[in-house]
Amino acid sequence: MTDDRFVHLERVGVTFGTGKTRTEALTPTDLAIKRGDFVALVGPSGCGKSTILKLISELLKPSTGNIFFGGRELGAKPLRVGMAFQSASLLPWMTVRDNVMLPLKIVPPFKKDYRAERHRAFRDRADALLAQVGLEDFADKSPWQLSGGMMQRANLCRALIHDPDLLLLDEPFGALDQFTREELWQTLQDLWIDRGSTVILVTHDLREAAYLANRICVMSPRPGRIVEDRAVDFVRPRAIDITFEPEFARLVQDLRRLIVGAPKPPKADAA
Amino acid sequence: MTDDRFVHLERVGVTFGTGKTRTEALTPTDLAIKRGDFVALVGPSGCGKSTILKLISELLKPSTGNIFFGGRELGAKPLRVGMAFQSASLLPWMTVRDNVMLPLKIVPPFKKDYRAERHRAFRDRADALLAQVGLEDFADKSPWQLSGGMMQRANLCRALIHDPDLLLLDEPFGALDQFTREELWQTLQDLWIDRGSTVILVTHDLREAAYLANRICVMSPRPGRIVEDRAVDFVRPRAIDITFEPEFARLVQDLRRLIVGAPKPPKADAA
Amino acid sequence: EDIPIRFTLDWKIQGVHAWFYLAKEKGYFAEEGLDVTIDQGEGSAATVTRIMSGAYDAGFGDMNAIIQNAATTPETAPVMVYQIYNQPPFAVLTKTGGPIGTLGDLEGRKVGAPPGSASTKLFPALADAAGFDAEQVEVISVAPNLQEQMLIQGQVDGSLVFNVTSYLNIIGLGMDPDTDFTWFPYGAAGLDIYSNGVMVSPALLADHPEAVSGMVKAIARAMADVMADPEAGVAVIKQIEPLSNAELELKRLDFALTNLIRSDESKANGIGAVDEARLARSIAVIRDLYDLPATPEPGAVFSDAFLPPMELRAF
Amino acid sequence: MTPAMRKFASAALIVGVFVFWELFCLVAGISELILPRPTRILAAFWEYAPAIWPHAWQTLYTTLVGFVCGVAIGLSLGVLIGSSRLAYDTAYPLLVGISSIPKVAVVPIFVLWFGAGTVPAILTAMIICIFPIVVNVATGIATVEPELEDVMRSLKASKWEILWNVGLPRSMPYFFASLKVAITLSFVGSVIAETVASNKGVGNMMMIASSSFNVPLVFSGLMVLAVMGVSLYALFSLIERRMAGWAMRKSN
Amino acid sequence: MTPAMRKFASAALIVGVFVFWELFCLVAGISELILPRPTRILAAFWEYAPAIWPHAWQTLYTTLVGFVCGVAIGLSLGVLIGSSRLAYDTAYPLLVGISSIPKVAVVPIFVLWFGAGTVPAILTAMIICIFPIVVNVATGIATVEPELEDVMRSLKASKWEILWNVGLPRSMPYFFASLKVAITLSFVGSVIAETVASNKGVGNMMMIASSSFNVPLVFSGLMVLAVMGVSLYALFSLIERRMAGWAMRKSN
Ligand SMILES: Nc1ncnc2c1ncn2[C@@H]1O[C@H](COP(=O)(O)OP(=O)(O)OP(=O)(O)O)[C@@H](O)[C@H]1O
Ligand SMILES: Nc1ncnc2c1ncn2[C@@H]1O[C@H](COP(=O)(O)OP(=O)(O)OP(=O)(O)O)[C@@H](O)[C@H]1O
Ligand SMILES: Cc1ncc(C[n+]2csc(CCO)c2C)c(N)n1
Ligand SMILES: [Mg+2]
Ligand SMILES: [Mg+2]
């Protein structure tokens, strides 16, 4: 509200290692994200998408350039970040529910009530989220007792439970089937409309990006930078039906062309 | 060649745990796969797809039912299995190349030459595979220095390097962008046509299943069983172009309907 | 208000400590206005160290260790006030019929010796006195509890022992200490030095001389009791430590009384006293043995000022 | 193998060891003074049991007090060394140096400072068991996968919260492993201290027994130590199964 | 902090400990008999150096031989216990029991069987260092993630191949951790054996020095032990960085 640029990467580059083992993960890149925006980040594997998310969640320091968090005034409470990691990274010594409740234990203002509420309100909150992603029967299981897609869903719950101001999702639906995926798209959209948090979504599914995002940033191959920044302005709330609309298909085809390269035209007789 | 049913699951069911912690992962299921077939397994998250692959690779014992390997006569050499795990499971103490070369160290007949060839022919073999998936620069890196998609590609290389008779792929392209994915589809198809190995592919991408497989098995939600078994008989080799053909689109729509449920018809004005 | 005294023994509780415990049990210490706590020890030389460090006020330990420390750090060295063992317990133990006929035969042979023990430390002095070359003897460090067994096994040809310990060890091993073994007492070779007795810290001596007198008196009374009735003394030991072997400890006590405590000299001077000339000879031996920087006065290492009257020390 | 069969087999094997010992001593004619047979040791234990108890309690008490302090110190030091490179470079060599020193050499110093008795035994039991705990906790914390810590760091967790929620749980299996070593060392420590400077305790008892050539009683003392060690091991195993069971899911 | 600065800081801190010790002794007026100052210890070392060397070599030799044997046995036993539930249930209690027994009580038996000298020292150094290695290797192997083993099992690898390619590499960080404990214990073991029966070695030297109240020389012996322990620790650290560095990627 105070700054148009909620998150602002200014010529930010990342290199790992030195000398012979040097890998450039991200060439100096600019990216500004408005508060409340829903940005999708797409690009070839290894181009630096996860790296950008790690930069924004301050897990990684940029090698060059600066990152500004405009929404964070001096003395204001720090940005509340929810991150769904690409590899689910659930803690194996906790049940699924405790994993999901972890942010409530750490992040203010929930933190101070954690001891009192972990068996009551917070537990219900976690269970409600788990039910929304279809894991109601698995709250008391250990992470390694879940299937790949189930872990990813639990991971998503963990990113959402503490009402984050900034939601960073690294391929949150990658291991899910079409049905579950589309259900969660809607869940996520509702949530975003409801709470107005800022979302950055990394995905390989162009339909997903087009359906969910307000803005799609396309990255070039490694070492990546943003080569295309496309606004998506279907009205909200979007129904799954819009994915069948020609305008939507056109957008997806456009994006596909940008990533896969020269489009293969559909055969004449199929047109 | 000796038996039509290269792999045969007979009323195979899997349950984890007992009493209150009991989870039925797979309801008794039949599945017979011919030698040289290319089967895709699709179904909702948690329905037991990975479980089936683990059963076939003998990582898991069925709770009920039997598994037969018709191709394995008494005294014949055991089935050579290549498996790409859903979680990449690269060994962190080895370089990417050594991870990829691991099967050559273990599986006969490569095993006996491993010491002699690991710095020569086998190394070249691994490097060639890595180059095919675009990881030529990362052979000497550690697994954790790769991006999610890169790990998955290395994982795929490890499944392929020892010319397996039976290739079990658990969402091998899930973390890849469209471009890389389609390239690898073609690579995999070429390989399959070349070597004639039997492939079972778990995937959530229906286009992927339709493009690659001869046969698509659709599973019901957890606890899963196979509810639909569909032959796919586009001619081989299939070009990426066929994915734009209406017949292909119809197949994918059909599958989608099976999984997502009642299809949402495209809006009238878009038809 | 009783004066507290921390008292350390030379070793684990044994029959030869009967009088200390008896004095405590019968209240002799209390009668003197003392509150004595008795702790078991780790060696008669360590008694000296323990007292010098201030951890203990008094103890049962080795005179020769006092002499050695009195030469280097006279201000903290303890003072012997009651010389209980009149005769030295040090001896070379060999197998009867073995290769050692005389002490001189030790040259070129192996002897087992506990490094901390006074018998080991005095061995060069023994060699001088007996006229053989200690350099020619191979000394192997062994723990005290292994000395007899290694000798029997033939791992060593002789052992430097305390006769009071070794004699009973051999009985414990089921052999006859007098016929199966030959003893070469250091005293017989002319090394007539003193050994264990009751010593006190210089601080206690300065601050509470009356407490020292009282303590020695209580011990002397208890010794008289024990000499009159050794079984009663051992009974106290058995009561303090039920695991000790009363029969064995009684033998040990008898042996010490006969061979170490009762002697012509102690008969004449009373238990606890020393012969000034003999002490001076001892001091000279220790000085030469260690190349000490000074020769302590006999009065600096022993004081007869706290000895109780003769009737308490006669036998 | 069913759990019941396994329990039986392992009990049988353990009993077998003692039977072998008994037979070996009988056949080889080993002298009682060198290595008594288990039956003789048991007989001695039975005979002297009332006199052994106070010693055993004393040793158990000093060992446990020392052990608990040692675990507390070891855990803290381990966390420090595992989280800070500077502490790793500084404290590790110091600790290795200190641990290479036989504790027997140090006990007399404790006696000179604190007098003979309980304090040196507790101190020795404490310092002897710190190092193995430090090493394992430090290694556990230093080898935490950064991905797991990232989960916490993305939530802006404090170092302390990361430690509490990730570092410590991750190193639990190795912490419990080190407890097994530490408790045995603690027993060794307190017994050594008792042999040097105490009027009580199993160490003292063994010295007295050995000076009266009661070798079966000495070995009874050793047996008491072994049994106490194994009992505490069993206790830790129970706690371990609750707190670090997640790491052993293979056997589940 | 740069690596150079860190090296310097840790060296400074270690030196600081000794400076503190020196000053503490001076200020508190600690008697030489209780705790000599480092400078006095160094002076004693300097004075007696030629006489110390043969003892130091002897101890280093027996320790290393015992240690190497102990590591071999510990590794094998650890693998066994980590892979077999039956071995876990049987061998663990036995090992815990044996380890709770102070080695001082066992050395006399070795001396009577094998004679005084090198063999008991090597044996003691060996048996004392087995347990920590067993515990960590067993824990390392028992906590291998089944997913990693599945990679091998899908290739129909033998148990031995799984062990060699997954179990052992996975437990390397903890194996090296246990080596740090084991080497210090080995030194303690051989020195203890030397104090019981020998005519050479640091343990023997310290006994002789302490019997002549040469406390600075006793501490020189302790220093020699500490320095040898730290040197071997440094050596293992080098090997560790090569063989278990992958687990410490945080610090990279
Ligand atoms: N810890 C690391 N050390 C070295 N290199 C790294 C590290 N992490 C990432 N990289 C490199 O940085 C580059 C970008 O990685 P990143 O994870 O951001 O890719 P990505 O866009 O998320 O790819 P994917 O879609 O495959 O997940 C890759 O080339 C990778 O090898
Ligand atoms: N080790 C285990 N212990 C207990 N339950 C398990 C275990 N492994 C899998 N399951 C359960 O078995 C069911 C099937 O799992 P599986 O991994 O086969 O699913 P999947 O079809 O591969 O799903 P996804 O597409 O999400 O990977 C799930 O409900 C899961 O919770
Ligand atoms: C290093 C050393 N070893 C053994 C003893 C034991 N000891 C010395 S005199 C003696 C006879 C009885 O008092 C006994 C048993 C000791 N004091 N110092
Ligand atoms: Mg990524
Ligand atoms: Mg799966």
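The values are calculated or read from the model by the stated rules, or taken from the named source; none is laboratory data. All figures in this text were calculated on a predicted structure; none of them were measured in a lab. Backbone-built Cβ (ideal geometry, glycine too); neighbour counts: all protein chains shown. Note: areas computed on protein heavy atoms with side chains; ligands, DNA, RNA excluded. Shrake-Rupley method; radii C 1.70, N 1.55, O 1.52, S 1.80 Å.
Scanning the stretch B:131-141 for residues that are among the small types (G, A, S) and at the interface with chain A (Cβ under 10 Å from one of its Cβ atoms) yields a single hit, B:G134. Do we find a residue being touching a residue at least 40 places away in the same chain (Cβ under 8 Å), touching a helix residue (DSSP H, G or I) at 6+ places or on another chain (Cβ under 6 Å) and within 14 Å of chain B (Cβ to nearest Cβ) anywhere in the stretch A:103-116? No. Scan the stretch B:134-155 for residues that are more than 16 Å from ligand 4 (Cβ to nearest atom) and either open to solvent by less than 10 Å² (accessible area, probe 1.4 Å) or aromatic (F, W, Y) (or both) and the total you get is 1. Kindly evaluate B:G43 against the criterion of being within 16 Å of the chain's Cα centre (by Cα), more than 7 Å from ligand 2 (Cβ to nearest atom) and open to solvent by less than 30 Å² (accessible area, probe 1.4 Å). No; evaluated as a whole, the condition is false for this residue. When C:A18 is tested against (1) modelled with pLDDT of 95 or more; (2) more than 24 Å from D:T118 (Cα to Cα); (3) within 16 Å of ligand 3 (Cβ to nearest atom), only condition (2) is not met. Taken residue by residue, the stretch A:92-101 has at least one member that is in contact (Cβ under 8 Å) with a residue 40 or more places away in the chain, more than 14 Å from every other protein chain (Cβ to nearest Cβ) and either out of contact with any Phe, Trp or Tyr (no Cβ under 6 Å at 6 or more places or on another chain) or of a type in the set (A, V, I, L, M, F, W, C) (or both).
B:G48 meets all of the listed conditions (1) modelled with pLDDT of 90 or more; (2) on the phi < 0 side of the Ramachandran plot but one, namely (2).
For the stretch B:142-152, residues that are assigned to a helix (DSSP H, G or I), within 9 Å of chain A (Cβ to nearest Cβ) and in contact (Cβ under 8 Å) with a residue 12 or more places away in the chain total 5. Checking the stated criteria, B:G13 turns out not to satisfy the condition of being surrounded by fewer than 22 Cβ atoms within 10 Å (Cβ to Cβ) and under 16 Å from B:G82 (Cα atoms). Within the stretch E:231-245, the set of residues being open to solvent by 50 Å² or more (accessible area, probe 1.4 Å) and in contact (Cβ under 8 Å) with a residue 12 or more places away in the chain comprises E:I239, E:M243. Taking the stretch A:30-46 as the range and being within 8 Å of another protein chain (Cβ to nearest Cβ) and near ligand 1 (Cβ under 9 Å from one of its atoms) as the test, the residues that pass are A:G43, A:P44, A:S45, A:G46.
Among the criteria (1) modelled with pLDDT under 90; (2) part of a helix (DSSP H, G or I); (3) crowded, with 20+ Cβ neighbours inside 10 Å, the one B:L129 does not fulfil is (1).
Exactly one residue out of D:M206, D:M223, D:M228, D:M248 is facing chain E (nearest Cβ under 9 Å), out of contact with any Pro (no Cβ under 6 Å at 6 or more places or on another chain) and either free of Cβ contacts under 8 Å to residues at least 60 places away in the same chain or crowded, with 23+ Cβ neighbours inside 10 Å (or both), and it is D:M206.
As a summary of the residue check, A:R222 satisfies the conditions (1) within 10 Å of chain B (Cβ to nearest Cβ); (2) basic (K, R); (3) open to solvent by 50 Å² or more (accessible area, probe 1.4 Å); (4) free of Cβ contacts under 8 Å to residues at least 40 places away in the same chain except for the one numbered (4). In the stretch D:20-54, the qualifying residues are those that are under 23 Å from D:M228 (Cβ atoms) and aliphatic (A, V, I, L, M), and the one that is modelled with the lowest pLDDT is D:L35. Only helices (runs of 4 or more DSSP H) whose full extent lies in the stretch D:103-197 are considered here, and the ones with at least 1 residues that are charged (D, E, K, R), in contact with a Ser or Thr (Cβ under 8 Å, 6 or more places away or on another chain) and within 14 Å of chain C (Cβ to nearest Cβ) are D:168-196. Here the condition is being part of a loop (DSSP other than H, G, I, E, B), of a type outside the set (G, A, S) and surrounded by fewer than 24 Cβ atoms within 10 Å (Cβ to Cβ); of C:L191, C:L205, it holds for C:L191 alone. Just one of the numbered conditions (1) in contact (Cβ under 8 Å) with a residue 40 or more places away in the chain; (2) within 7 Å of chain E (Cβ to nearest Cβ) is not true of D:N214: (2). Within this structure, E:T39 passes the test of being surrounded by fewer than 16 Cβ atoms within 10 Å (Cβ to Cβ), β-branched (V, I, T) and either within 21 Å of the chain's Cα centre (by Cα) or farther than 30 Å from D:R85 by Cβ (or both). Applying the criterion of being part of a helix (DSSP H, G or I) and either in contact (Cβ under 8 Å) with a residue 40 or more places away in the chain or of a type in the set (A, V, I, L, M) (or both) to the residues of the stretch A:153-180, the residue that is nearest to the other protein chains (Cβ to nearest Cβ) is A:T180. Condition test on B:T27, is it over 14 Å from the mean Cα position of the chain (by Cα), within 14 Å of chain A (Cβ to nearest Cβ), of a type in the set (V, I, T) and more than 11 Å from ligand 5 (Cβ to nearest atom)? No, not satisfied.
Taking (1) within 13 Å of chain D (Cβ to nearest Cβ); (2) free of Cβ contacts under 8 Å to residues at least 60 places away in the same chain in turn, E:T39 satisfies each apart from (1).
Scan the stretch D:25-71 for residues that are β-branched (V, I, T), assigned to a helix (DSSP H, G or I) and over 29 Å from D:A182 (Cβ atoms) and the total you get is 2. Those helices (runs of 4 or more DSSP H) of the stretch C:220-282 in which 1 or more residues are within 30 Å of C:E297 (Cβ to Cβ) and open to solvent by 10 Å² or more (accessible area, probe 1.4 Å) occupy C:264-269.
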